[in-house]
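Since the structure comes first, as structure tokens, the remarks are kept for the end.
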Amino acid sequence: MSVQRWKIGVFDSGFGGLTVLRALLRRLPEADYLYLGDTARLPYGSKSRETIVRYALSSTRFLIDQGADFLVIACNTASALAFDAIRAASPVPVLGVIETGADEARRSSRTGDILVIGTAATIESHAYAAACRERGLRALEKACPLLVPLVEEGWLDHPVTREVVRIYMDELLGQARQSDSHPDVLVLGCTHYPLLRPAIEAAAAAGLRVLDSAEATAAEAVRRLKSAESAPRSVTPGQRRFFATDSIAKFQSLGARFLESPVEDIVLVDLGG
Ligand code: DGL
């Protein structure tokens, strides 16, 4: 029997999905990884559902054409608005971040009240509220559209970023008080936000646990891959290939912050408009 190697395609509108790739690499270093950051068309979070679906479909098709045999949609906006379309179009299994984030929230919350922050498109889709409801949780959601540009600017530990985060959190916590909600979990519903975790934790009320879905998504991907395996798998470290639709130099410098290791072998691709 031949020894096989998983080829996992990881897709995000930009760099944030590298936090999911980082978690995958820790758990499954023996897989090959293809990472696509659709940086030319980022941000997805301010666009319409039709545009997000179109971008997400062309991005995931690209990864399938490159030979991916499992897809991780490491973008909350694409998972919230395009997951069904991607799954319908994909010949290989697909995992998104919303369900895994909601599962993690259910495991972590005692009160059943959850706060979720994300891009405008993610929050307006109410995908998190629906996934939380299915799990018996109540979610209060808030769009934080200024946070992605601040991360893109590299202003991770900057007074302006801390102030913007504080204002968003004050508004959300005020909303929770008014609706008699007692949240004990805050879900970071955007793959850029883990880089702002210190500022978010500082602005969050005491007793609020901050969750990002990167670890939960990686754990679920590994669980699904291993439960479906039919042949022995290679145990030697696999390859990583990166694809970006805009500046390689920017992908290299910003990507290293998300991956917490150098990002090399980046190929520039054109997926159209
Ligand atoms: N990756 C997106 C998300 O997780 C954030 C960036 C964007 O708006 O494209 O929602």
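Descriptive notes on the structure:
- Summary value for the stretch 93-211: 32 percent relative contact order, contacts being C-alpha pairs under 8 angstrom separated by 6+ residues.
- Inter-probe distance in nm under a simple model that places probes 7 Å from Cα toward Cβ, at His182 and Ala120: 3.6
- Other-chain or far-sequence residues with amide H under 5 Å of Leu211's (modelled H): Leu186, Val187, Leu188
- Seen against the Cα atoms of the chain and their longest principal axis, helix 98-108 is set at about 60 degrees.
- Gyration tensor verdict on the chain (Cα atoms; rounded if a/c is under 1.5, prolate if a/b is larger than b/c, oblate otherwise): prolate
- Dipole of the chain, positive direction: furthest Cα of Ser90, Gly16, Ile200, with charges on the beta-carbon: Ser90
- Whether the stretch 205-273 is rounded, prolate or oblate, judged on the alpha carbon gyration tensor where a/c under 1.5 counts as rounded: oblate
- Shape of the stretch 70-217, Cα gyration tensor, a/c cut at 1.5: oblate
- Cα long-axis angle, helix 49-65 against the chain (0 to 90 degrees, to the nearest 10): 30
- Angle of helix 248-259 to the longest C-alpha principal axis of the chain, folded into 0 to 90 degrees and rounded to 10: 60°.
- Sequence-distant lysines (8 or more away, or on other chains) whose Cα lies within less than 26 Å of Lys47: Lys142, Lys250
- Theoretical gain in end-to-end length, Arg209 to Val269 [0.36 nm per residue, Cα-Cα removed]: 17.7 nm
- With θ taken as phi - 60° and the Karplus curve 6.51 cos²θ - 1.76 cosθ + 1.60 applied, the whole-hertz 3J(HN,Hα) list for the stretch 131-139 is 5, 5, 4, 4, 9, x, 10, 10, 10 Hz, x standing for glycine and proline.
Only the coordinates and a few stated rules stand behind these numbers; no lab work does. Predicted, not measured: the structure shown is a model, and the values here were computed from it. Please note: Cβ atoms are built from the backbone with ideal geometry, for glycine as well, and neighbour counts cover all protein chains shown.
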